[in-house]
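Engineer: First the structure, then my questions, so here it is.
The values are calculated or read from the model by the stated rules, or taken from the named source; none is laboratory data. Since we're looking at a predicted model, the values are computed, not measured. When we count neighbours, we look across all protein chains shown, and the Cβ atoms used for this are built from the backbone with ideal geometry, even at glycine.
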Amino acid sequence: MTSSSSRPPRRPFWLAAAGLGLGAAVTAGLVLGRPTPAEAEPAPPASPVVRGESVHLPPEGPQWQYIELAVAAEAPMLAPLPAPGRVDLDERRTASMGAPLAGRVDQVRVRLGDRVTAGERLFSVRSGAWADLEREVKSAETEVANKQRIADRVRELVGLQAAPEKELVAAEAELRQAQLALQAAQAKKASLAVSAEGNNLFWVTAPRAGTVVDLDVVANQEVTPERDGPLVRLSDLSEVRVIADVQETDAADLREGQQALVRTQSGAVERRGTVERISEVVDPRRRTVEVRLRVTNEDRALRPNAFVEVTPEAATTVKRVRVPASAVVTDGARSVIFVAREAGQLERVAVMTGRRRDGEVEVRQGLEPGSRYVARGALLLENTIELAN
């Protein structure tokens, strides 16, 4: 029989129950507090991968909600915008006049804008040089007459054998010299193309019919042949030239012989012109190309120095790939578009752009019809590549 002293002491029932309850609570707490796979923290989304000129996006990447793909398609080329221009003179129909001899202007018979006929008097000049030229011609004429009489007399004497043959040869040589001097004086006078009136006055006349488009002479003005600019300019305004400053992208489509619409700023005058010359140089400041057009102007409605608008005719048969402006990213030096290659691969491709109108851009090179490209979100992809580099 075991004594009561050797038994282990008995714990009160409430303490045992409390111990069991505490152990169960601890065990339950450990089990319930351990995260389950379903409750584990979600993995961060896969980031885009940049490889050279391409961006690889995972199929579940959030970037896709900012990107929209489209298929490149051709459409008629965009119409060019009007280019500023100005009416100019046709050099082949224009003549400039000055004073062929030094002197003082006596009268001016025309005004700016007057229409004159060929040979009409424009202004007169009193000139001592003209008097000298007249005297030179008369003197040469007198010398020729004297030499002619001498030669005729010597010829008679030689015929009568009263003078040697050599005297006739000498007399005829002197006559030829006098005739040459007269011809030179007459040619000098004729080259001035003026109309004489009196001993010291001449009129400058119109060499052709036309309109006075420039007048820089007044009465009592001192004039000389060495003057830099003309005193009067005449031009036949039945046909004029229009000089237009065309944007580079529009000038690339122009060809000589192509038609263009010329319109005055008020819109009151409209007529077609023909492209005559396209400059091969771009203006370094305005980034434009000078284009010259020939325009008929029988009614003289296009006035020299007037500003006009020039709109080249667009070729409706020419088609080009057109994309939204949001698809093109440019830094001023180059333009790029992102093209979809394989699954998730968006490649940056350099393109040559053309006209931009109403939110659309022409793509001349770099994007083929039928290619899938990024129509929206191109700037996001561009920034992704730049940040990775």
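Engineer: How about the stretch 190-214: which of its residues are under 21 Å from residue 96 (Cβ atoms) and not in a loop (DSSP other than H, G, I, E, B)?
Structural biologist: 190, 194, 195, 202, 203, 204, 205, 210, 211, 212, 213, 214
Engineer: Among (1) part of a loop (DSSP other than H, G, I, E, B); (2) without any contact (Cβ under 8 Å) to a residue 12 or more places away in the chain, which single condition is residue 92 missing?
Structural biologist: Every condition holds for residue 92 apart from (1).
Engineer: Can you pull out the residues in the stretch 355-388 that are among the hydroxyl-bearing types (Ser, Thr, Tyr) and under 15 Å from residue 321 (Cα atoms)?
Structural biologist: Those that are among the hydroxyl-bearing types (Ser, Thr, Tyr) and under 15 Å from residue 321 (Cα atoms): 371, 373.
Engineer: Looking only at the stretch 215-238, which residues are outside any loop (DSSP other than H, G, I, E, B) and buried (at least 17 other Cβ atoms within 10 Å of the Cβ)?
Structural biologist: Correct list: 215, 223, 232, 233, 234, 235.
Engineer: From the list 60, 74, which one is modelled with pLDDT under 85 and either more than 30 Å from residue 207 (Cα to Cα) or outside the structural domain of residue 243 (by TED's automatic domain parsing) (or both)?
Structural biologist: 60
Engineer: If residue 250 meets every condition in (1) assigned to a loop (DSSP other than H, G, I, E, B); (2) among the acidic types (Asp, Glu); (3) at pLDDT below 90 apart from one, which number is that one?
Structural biologist: So the condition that residue 250 fails would be (1).
Engineer: Something else now. Checking the conditions here, which among 181, 190 is among the small types (Gly, Ala, Ser) and in contact (Cβ under 8 Å) with a residue 12 or more places away in the chain?
Structural biologist: 181
Engineer: Is it the case that residue 350 is surrounded by fewer than 17 Cβ atoms within 10 Å (Cβ to Cβ), small (Gly, Ala, Ser) and either closer than 30 Å to residue 62 by Cβ or touching a helix residue (DSSP H, G or I) at 6+ places or on another chain (Cβ under 6 Å) (or both)?
Structural biologist: So residue 350 passes the test.
Engineer: In addition: For the stretch 79-101, give me each residue that is of a type in the set (Asp, Glu) and more than 19 Å from the chain's Cα centre (by Cα).
Structural biologist: Matches in the stretch 79-101: 90, 91.
Engineer: Spot the failing condition for residue 291; the list is (1) in the same structural domain as residue 59 (by TED's automatic domain parsing); (2) assigned to a strand (DSSP E or B), and only one is missed.
Structural biologist: (1)
Engineer: Which numbered condition trips up residue 235, out of (1) modelled with pLDDT under 90; (2) more than 30 Å from residue 319 (Cα to Cα); (3) hydroxyl-bearing (Ser, Thr, Tyr)?
Structural biologist: (1)
Engineer: Now a separate question. Could you count how many residues in the stretch 277-293 are surrounded by fewer than 15 Cβ atoms within 10 Å (Cβ to Cβ) and either in contact (Cβ under 8 Å) with a residue 12 or more places away in the chain or under 16 Å from residue 88 (Cα atoms) (or both)?
Structural biologist: Summing the residues that are surrounded by fewer than 15 Cβ atoms within 10 Å (Cβ to Cβ) and either in contact (Cβ under 8 Å) with a residue 12 or more places away in the chain or under 16 Å from residue 88 (Cα atoms) (or both) in the stretch 277-293 gives 5.
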